[in-house]
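Chemist: If you scroll down you'll find the structure; I have some questions about it.
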Amino acid sequence: MRAAAAVGVAAVAFGFVVVAQRGLAGLFDLTYVFVTGAGVLALVQGLRYANDARTADHRAIETGDPEDRYEVPVPGHADDELITRRGYSRASIKRRREFHRHLRRVAEETLRARGDYGDGEVSAAVADGGWTDDPVAAWFLGSDVPPPPGARLRRLLGADAEFRYGVVHAVDALSAARADVDGLAVGDA
């Protein structure tokens, strides 16, 4: 290996000298044999480097996984997922019923806070739908209210469409009722 390196260094040095003293280049006859010899030497060197690269021990650095960010749960995310989910399963029906009961309790608490009804009258007002002007919200949270035409139409599309329709109207009506309690405009609630 040292001999090859020495020959290479000597050839490079001679090349620099030939560039400086152009007369030295005339010492060599650039015939077919010389050019062929230079080509064979280049081929041998290329094969040697290719073989060295083929047998070299390749090492790779394995990077670690990036640190996962902790996602803070957003209040109401599970409710949003429940409302947007489509299809039927026993679990989804049960969760929708629980959400419906929870929404009804919120309506009763909001009406109590508003002060329009006494403690015994709140449940009756929600059951008969008299607490709001929105017929869809009154039907959705009430028990004695017939479904409006929009709810009947959505029932044909599926129970999940009917549920979403009722939830949206009930939440809007509760927001309006809550705005009355807080003295806010309906859009600010």
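The values are calculated or read from the model by the stated rules, or taken from the named source; none is laboratory data. Keep in mind it's a predicted model, so treat the numbers as computed, not measured. Neighbour counts are summed over all protein chains in view; Cβ atoms, including those assigned to glycine, are modelled from backbone coordinates with ideal geometry. Calculation scope for accessible area: heavy atoms of the full protein, side chains included, ligands and nucleic acids excluded. Shrake-Rupley method; radii C 1.70, N 1.55, O 1.52, S 1.80 Å.
Chemist: Need pairs with beta-carbon distance below 6 Å; first residue within 13 Å of VAL136 (Cα to Cα) and free of Cβ contacts under 8 Å to residues at least 24 places away in the same chain and within the stretch 155-166, second among the small types (Gly, Ala, Ser) and open to solvent by less than 30 Å² (accessible area, probe 1.4 Å); sequence gap 6+ or separate chains.
Modeler: Partner pairs satisfying both residue conditions: GLU162/ALA151.
Chemist: Within the set of pairs 6 or more residues apart or between chains, which connect a residue that is surrounded by 10 or more Cβ atoms within 10 Å (Cβ to Cβ) inside the stretch 5-19 to a residue that is in a helix (DSSP H, G or I) with Cβ atoms less than 7 Å apart?
Modeler: VAL17/LEU24; VAL18/LEU24; VAL18/ALA25
Chemist: Within the stretch 148-171, which residues are farther than 16 Å from GLY129 by Cα and touching a helix residue (DSSP H, G or I) at 6+ places or on another chain (Cβ under 7 Å)?
Modeler: Selection gives GLY150, ARG154, ARG155, ALA161, GLU162, PHE163, ARG164, TYR165.
Chemist: Going by the conditions given, is THR84 surrounded by fewer than 10 Cβ atoms within 10 Å (Cβ to Cβ), at pLDDT 80 or above and hydroxyl-bearing (Ser, Thr, Tyr)?
Modeler: no
Chemist: Let me ask you something else. Out of curiosity, is GLY39 open to solvent by less than 100 Å² (accessible area, probe 1.4 Å), part of a loop (DSSP other than H, G, I, E, B) and modelled with pLDDT of 75 or more? Even if it seems obvious, please write down each step before you answer.
Modeler: On the way: open to solvent by less than 100 Å² (accessible area, probe 1.4 Å): yes; part of a loop (DSSP other than H, G, I, E, B): no; modelled with pLDDT of 75 or more: yes.
Answer is no for this residue.
Chemist: Of all residues in the stretch 136-179, which are more than 20 Å from GLU121 (Cα to Cα) and in a loop (DSSP other than H, G, I, E, B)?
Modeler: Matches in the stretch 136-179: PRO146, PRO147, PRO148, GLY158.
Chemist: Do you know which of the residues in the stretch 48-75 that are open to solvent by 100 Å² or more (accessible area, probe 1.4 Å) and not in a loop (DSSP other than H, G, I, E, B) is modelled with the lowest pLDDT?
Modeler: Checked the stretch 48-75; the qualifying residue modelled with the lowest pLDDT is ARG54.
Chemist: Would you please list the contacts, defined by Cβ atoms under 6 Å and residues six or more apart or on different chains, that run from a residue in the stretch 105-131 that is in the same structural domain as PRO147 (by the TED database) to a residue that is of a type in the set (Ser, Thr, Tyr)?
Modeler: These pairs meet every condition: LEU111/TYR117; ALA125/TYR117; ALA127/SER143.
Chemist: Look through GLY26, GLY39 and report the one residue that is within 18 Å of VAL7 (Cβ to Cβ) and small (Gly, Ala, Ser). Please lay out each step first, then the result.
Modeler: On the way: GLY26 fails: within 18 Å of VAL7 (Cβ to Cβ).
Going through GLY26, GLY39 in turn, just one is within 18 Å of VAL7 (Cβ to Cβ) and small (Gly, Ala, Ser): GLY39.
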